[in-house]
Amino acid sequence: MTPFARTIAAAALIATAAPAAGYVRETTTPGHPNTGLCLWWRDRAVTYRVNATRASPAPCQSATNAEAAAVQGLATWGSATRTGETSACTNFQFVHGSSTDLTRVGHDGVNLVVFRSAQCNDVVGLDPCAATPGACAAKFNCWENEVGTIGLTTTTFDSATGEILDADMELNGWDGAYPAVGSLFTCEAPSAPKCSDPPYGQTDCSAVDVTAVVTHEAGHMLGLDHVCSNAFPAPYDVCPAGDPVMVPQVGLVSQRALSADDVNGVCTIYPVGGETPTCLPDGKIPSPSSSSSGGGCAAGGGTGIAGGLLAAVLLAGRGRRRQR
């Protein structure tokens, strides 16, 4: 039986030598910047499925609308284009698969985008699922994570290589109750509609643009971490120029369109015509059956972690928190 460890952290590696903070790669050692192995996908066509049908009330007033908005956000990364160029600089693609009613996250062969509604603490009661992390979320399609978090991406990876094996995105939606907990997901820009508008009629909920949230969380799915996560509440101008999608808080930027920093991240990791920098000692993509020693990501100069045939590790917690 493969053991898993679940942590909430912002694992980081500064992947550029520029004076300002640049794009940041997820690593196998959450909470320890510049150490461990960068996370990466072997296949550059990653299929995902969306479950927007189990949330109530329906995000965007329609599961169909919500799924379309999610698809738009995920597709943004595959069209990343550098300034002055006319074609995408990456061939990484999120591929939209069939809709699903699955609710479970974890290493199960399905990269899932799931809209939750209701807090698990409010709906579980004495159900035995409470004894197993993730079980109540799967059973009731409820939000089992921190209340103030809007989105959370859970990634399963091989800790010996950093290869991503599975990635799931959870979105913390409003359950229609009063007082409101969770976010009212809309398919419009953040300015409209408002929570107080019909048919919602709420005054204390938070309206959030689905496409913006999904675009951000999709960055985590492909192996990027937050940028300037230590810059708050310090001035926002210490972050990379151009309003990066991977800023960790909602509301500062629209976060639908990639900045130059975001483009540089995805196109450096998954470049057209080039290999994926894995951060392994020889820099080459290992075969699935190989056992490689761990090493720090080259750009960060980290000390690394022990290698060998290590078990896959479940890394959770690249969620964004609501700006207060």
Legend entry - Val114, sole failed condition from (1) crowded, with 18+ Cβ neighbours inside 10 Å; (2) more than 19 Å from Val71 (Cβ to Cβ): (2)
Inset, instruction - Show the residue pairs that are 6+ apart or on different chains and have beta-carbon atoms under 6 Å apart, the first residue being within the stretch 63-88 and closer than 23 Å to Arg116 by Cβ, the second being hydroxyl-bearing (Ser, Thr, Tyr) and not in a helix (DSSP H, G or I). - result: Ala63/Thr53
Legend entry - Filtered residues of the stretch 107-143 (kept if within 22 Å of Gly219 (Cα to Cα), touching a Lys or Arg at 6+ places or on another chain (Cβ under 8 Å) and assigned to a loop (DSSP other than H, G, I, E, B)): Val110
Inset, instruction - Could you list, in sequence order, all residues of the stretch 247-259 that are more than 10 Å from Val213 (Cα to Cα), modelled with pLDDT of 70 or more and either crowded, with 24+ Cβ neighbours inside 10 Å or touching a helix residue (DSSP H, G or I) at 6+ places or on another chain (Cβ under 7 Å) (or both)? - result: Val247, Leu258
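For the stretch 80-103, give me each residue that is in a loop (DSSP other than H, G, I, E, B) and crowded, with 17+ Cβ neighbours inside 10 Å.
Ala80, Ala88, Cys89, Phe92, Thr100, Leu102, Thr103
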Legend entry - Subset of the stretch 41-79 [part of a loop (DSSP other than H, G, I, E, B), in contact with a helix residue (DSSP H, G or I) (Cβ under 6 Å, 6 or more places away or on another chain) and buried (at least 19 other Cβ atoms within 10 Å of the Cβ)]: Ala52
Legend entry - Matching option when the condition is among the hydroxyl-bearing types (Ser, Thr, Tyr) and over 21 Å from the mean Cα position of the chain (by Cα), among Ser159, Ser99, Ser117, Ser87: Ser87
Inset, instruction - Name every residue in the stretch 110-129 that is at pLDDT 95 or above and of a type in the set (A, V, I, L, M), in order of residue number. - result: Val110, Leu112, Val113, Val114
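Working carefully through the options Thr186, Thr155, Thr161, Thr132, find the one that is at negative phi and at pLDDT below 90. Don't jump to the end; show me each part of the working.
Details: Thr155 fails: at pLDDT below 90; Thr161 fails: at pLDDT below 90; Thr132 fails: at pLDDT below 90.
Thr186 is the lone residue from the list that is at negative phi and at pLDDT below 90.
The values are calculated or read from the model by the stated rules, or taken from the named source; none is laboratory data. Values in this document were obtained by computation on a predicted structure and should not be read as measured data. We place every Cβ from the backbone using ideal geometry, glycine too, and count neighbours over all the protein chains shown.
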